[in-house]
Amino acid sequence: METPAGHPPETSHTVNSDENLRQDNHHNANSSPPQTTPGADVSDSQLDDLPKSSETKISSDLPPPTGVTPPQVKRRRRRKRFFTDLIPPSVSAAAVNGLRVLRPNPKPSTAYSYSETELATGDDPSKNHNRRRRMSDLAKEVDVEALIAISVGFPVDSLTEEEIEANVVSQIGGIEQANYIVVRNHILARWRSNVTVWLTKEHALESIRAEHKNLVHSAFSFLLHHGYINFGVAPAIKEVKFKPPEGASKGNVIVIGAGLSGLVAARQLISLGLKVVVLEGRGRPGGRVRSKKMTGGQNGVVAAADLGGSVLTGINGNPLGVLARQLGVPLHKVRDICPLYLPNGRTVNPDMDSKVEASFNKLLDRVCKLRQAMLDEVKSVDVSLGTALEAFRHVYRVAEDPQEQMLLDWHLANLEYANASLMSNLSMAFWDQDDPYEMGGDHCFIPGGNERLIRALAEDIPIFYDRTVESVRYGTEGVLVYAGGQEYHGDMVLCTVPLGVLKKGNIEFVPELPQRKKDAIERLGFGLLNKVAILFPYDFWGGEIDTFGHLTDDPNMRGEFFLFYSYSSVSGGPLLIALVAGEAAVKFEKMSPLESVVRVLEILKGIFSPKGIAVPDPLQAVCTRWGQDQLSYGSYSYVAIGASGDDYDILAESVGDRLFFAGEATSKQYPATMHGAFLSGMREAAHILRVTDRRISPADTSNTCSQENTSVVDKFFDTPDLKFGNFSVLYDPMSTDLESNCLIRVELQGERSLHLYSLLSRRLVLELSKLEGDLSRIEMLTRDFGVKLVGWNNLSVTVGSLLTSIESARSV
């Protein structure tokens, strides 16, 4: 993504090996013979990132090669979770509402494969049994639709904050909300059943009772504008989304960064009627998602290696899974059995493996109970997760045997991989705060690499490459971005650079970012994971393997090549990727690429040579250096000591309705994941649209609010929700969200009092209230927030719905 000027967009150092790495001993009789390679091409790539996952799975579904004894393996959990996935009774209760909302005889639709249940009608007693059965089927269908909505991230029986802010229903709670949820779930499930077509409002109405037409309009608009339906890269979707907008553009948005969040936001903003330009510091799209084509050998062996984001962590509800379906790309499930090997190459004893894994999980459980007790007593106390685990390990005498200690270290390395940091850096209190939101389903690879998705998302988007952003200036008149020696003017700017770039302070913001945002940037951690991708002339480890692990007797280097991913089934060639996590990932960046590859080969030979399997010379190798990459300065975010999930939300906050932020480090629910980046782009596109729609534009809306309403408004301001100095505030009674609109009135006193008005989010109102003096408040309002105070007749039309809500609430 973005970094300071003067840095080349991408660096790659190629080192030709002057050592012969060939293994001349035995090789697998069922494999092709080793090919002599006088010098493998070893590259040092400074581009890498992985989603937050401790995927450690392998399967032996296929028979092992002849003459090879398969290692004893066990199924291994991806990651410890402290929250149980429950299906609340209210899911089934939704079926009752469904019978009131869905049509008993839905109209047929040829555009969808979604099966609508038709209920029998008439008084023929012989049809009663079928009627009851079909009623039951419809109830089950509504339950299924509710589960689909849950998988996407919607709560079971309540509205999201975004829905409340969008005023999707006139009253929170009650029968209207219950019916809306059924309608929303139905529309969502219907599109998810066939993501290659554009779902229209008319299609949705085919299976919803006519009296709920207003709910269909509300739910459809919300799902469309917030990117839950009709998104992606299917031809039918692109045809509608990229139609030239009718009328004038709603505004101009500059997007900084062509990673997942930036690309998704840009596509969505264009479809919503805004003009967009994307500035990207690299010479390619994708950011920390990069697939590299690797080749070598006389036979032209080819494979695609994901050097950055690689695993789709949970496919249920995952928008990246939707893109794969639209592109016709089959997903490969990462198989869930992982053999572990000792330093001498022997397979770990399965009984000892199970014992240590159980002890490790018990340690985490005890830490969970401890932190809960600490938070109940003193909410500000936090220590490192590593310190807490080590203390409990000593108290309960866990892993005192040397081999058990190596096994425990492997699990700790796996946890450091999941969080991209050392255990000593992780917050004991909040390191796993995102676990309740974790997407369910299998973890998957995309054959051919994730760059297939990136290329599809970047198509038809105006991207300027090699434009490293140096400064962002924002104010009442718009935004000005300096990049690559050029100026770019716009109404708003969306910053999607990695947290590592923000931490370095390489982009100048004028005015400076609010202190609370700067504090959140400092508190959150941005960690490191590196890889060594090696292309071999043939698959010597067995095609039935997806992952295998390696133990070390050095606790300080427990993350060095502790886990291997086999990409043979998805990359197109015999490719292994070795992971480097924790302290080893930091030290790894100081090693030469050749030294790193030699070390990997030593480990592989230690595992396979005792089995009589020769490890051939590599054809090509690539080492990542994400910590040295000046366009990222690391891999992905984590909750450091003293930080919390709230810091992700603070990082996501906009500044003055001009400067917006997206990216995995702005997603409290899905940080450190590719889908988190994707969803954050959709979130900010909807946010920018809301701001655009409510932005005060006197030239266009001078007569939208009549003077006749002034007396009614003044009556409301007699009892404001908040008052400080000469500022009076009316909240939106339909929402408690900090981003919900408020109506503010400023009284300018003189010979004759003058009232000026504006719309402002509740969060910005609270910031204003903390200042001393009305002059300071007006300066912040106009200079920092970019808001104009205007007369009542010049307010935007958006105030009408807010006044209606206030009047309705106060008349009760």
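The values are calculated or read from the model by the stated rules, or taken from the named source; none is laboratory data. In this text the structure is predicted, and so the values were computed from the model without any measurement. When we count neighbours, we look across all protein chains shown, and the Cβ atoms used for this are built from the backbone with ideal geometry, even at glycine. Surface accessibility is based on the protein's heavy atoms, side chains included, excluding ligands, DNA and RNA. Shrake-Rupley method; radii C 1.70, N 1.55, O 1.52, S 1.80 Å.
Values for this structure:
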item: Segment 185-198 residues that are in contact (Cβ under 8 Å) with a residue 40 or more places away in the chain and within 13 Å of residue 235 (Cβ to Cβ), paired with ones that are open to solvent by 10 Å² or more (accessible area, probe 1.4 Å) and part of a helix (DSSP H, G or I) (beta carbon under 7 Å, 6 or more apart); result: 195/325; 195/326; 196/236; 196/326; 197/236; 198/236; 198/240
item: Check on residue 571, hydroxyl-bearing (Ser, Thr, Tyr) and out of contact with any Pro (no Cβ under 8 Å at 6 or more places or on another chain); result: no
item: Any hit, segment 746-754, residues being at pLDDT below 90, buried (at least 20 other Cβ atoms within 10 Å of the Cβ) and small (Gly, Ala, Ser); result: no
item: Pairs, first in contact (Cβ under 8 Å) with a residue 12 or more places away in the chain and more than 25 Å from residue 692 (Cα to Cα) in segment 464-484, second open to solvent by 10 Å² or more (accessible area, probe 1.4 Å) and basic (Lys, Arg), C-beta under 8 Å, six or more apart; result: 465/284; 484/467
item: Checklist (1) farther than 24 Å from residue 479 by Cβ; (2) of a type outside the set (Asp, Glu); (3) part of a loop (DSSP other than H, G, I, E, B); (4) modelled with pLDDT of 80 or more applied to residue 797, failing item; result: (4)
item: Tabulated pairs, segment 715-732, first farther than 18 Å from residue 756 by Cβ, second open to solvent by 20 Å² or more (accessible area, probe 1.4 Å) and in a strand (DSSP E or B), C-beta under 7 angstrom, 6+ apart or interchain; result: 721/731; 732/741
item: Conditions (1) open to solvent by 10 Å² or more (accessible area, probe 1.4 Å); (2) under 15 Å from residue 526 (Cα atoms); (3) part of a helix (DSSP H, G or I); (4) not acidic (Asp, Glu); number of the one not met by residue 665; result: (1)
item: Candidate set from segment 235-256 (those that are in a loop (DSSP other than H, G, I, E, B) and touching a Leu at 6+ places or on another chain (Cβ under 8 Å)); member that is most open to solvent (accessible area, probe 1.4 Å); result: 250
item: Boolean, residue 420 is in contact (Cβ under 8 Å) with a residue 40 or more places away in the chain, touching a helix residue (DSSP H, G or I) at 6+ places or on another chain (Cβ under 9 Å) and under 22 Å from residue 671 (Cα atoms); result: yes
item: Hits in segment 278-304 - residues which are assigned to a loop (DSSP other than H, G, I, E, B), more than 15 Å from residue 677 (Cβ to Cβ) and open to solvent by 20 Å² or more (accessible area, probe 1.4 Å); result: 283, 284, 297, 298, 299, 300
item: When residues of segment 160-185 are limited to those that are of a type in the set (A, V, I, L, M), in a loop (DSSP other than H, G, I, E, B) and open to solvent by 20 Å² or more (accessible area, probe 1.4 Å), the one farthest from residue 315 (Cα to Cα); result: 172
item: Segment 205-264, subset among the hydroxyl-bearing types (Ser, Thr, Tyr) and within 28 Å of residue 287 (Cα to Cα), residue farthest from the chain's Cα centre (by Cα); result: 228
item: Any hit, segment 600-610, residues being over 12 Å from residue 541 (Cα atoms), modelled with pLDDT under 95 and out of contact with any strand residue (DSSP E or B) (no Cβ under 9 Å at 6 or more places or on another chain); result: yes
item: Whichever residue in segment 755-768 is in contact with a Gly (Cβ under 9 Å, 6 or more places away or on another chain) and open to solvent by less than 40 Å² (accessible area, probe 1.4 Å) and, among such residues, is farthest from residue 654 (Cα to Cα); result: 756
item: Residue 758 in contact with a Lys or Arg (Cβ under 8 Å, 6 or more places away or on another chain), without any contact (Cβ under 8 Å) to a residue 24 or more places away in the chain and either closer than 16 Å to residue 791 by Cα or part of a loop (DSSP other than H, G, I, E, B) (or both); result: no
item: Leading residue by the ranking (modelled with the lowest pLDDT) among those in segment 126-157 that are closer than 14 Å to residue 185 by Cα and either among the basic types (Lys, Arg) or not in a helix (DSSP H, G or I) (or both); result: 140
item: Output for segment 205-231, where each listed residue is in contact (Cβ under 8 Å) with a residue 60 or more places away in the chain and part of a loop (DSSP other than H, G, I, E, B); result: 206, 207, 209, 226, 227, 228, 231
item: Within segment 617-662, considering residues that are within 25 Å of residue 452 (Cα to Cα) and of a type in the set (Val, Ile, Thr), the one surrounded by the fewest Cβ atoms within 10 Å (Cβ to Cβ); result: 622
item: Residue among 680, 609 that alone is touching a residue at least 12 places away in the same chain (Cβ under 8 Å), surrounded by fewer than 22 Cβ atoms within 10 Å (Cβ to Cβ) and hydroxyl-bearing (Ser, Thr, Tyr); result: 609
item: Matching residues, segment 544-553, being under 22 Å from residue 333 (Cα atoms), in a loop (DSSP other than H, G, I, E, B), touching a strand residue (DSSP E or B) at 6+ places or on another chain (Cβ under 8 Å) and not hydrophobic (A, V, I, L, M, F, W, C); result: 546
item: Residue match in segment 761-783 (condition: closer than 17 Å to residue 659 by Cα and assigned to a strand (DSSP E or B)); result: yes
item: Matching residues in segment 305-322 - criterion: being under 22 Å from residue 528 (Cα atoms) and either open to solvent by 10 Å² or more (accessible area, probe 1.4 Å) or not in a loop (DSSP other than H, G, I, E, B) (or both); result: 305, 306, 312, 313
item: Criterion violated by residue 325 - all others in (1) part of a loop (DSSP other than H, G, I, E, B); (2) among the charged types (D, E, K, R); (3) at pLDDT 95 or above satisfied; result: (1)
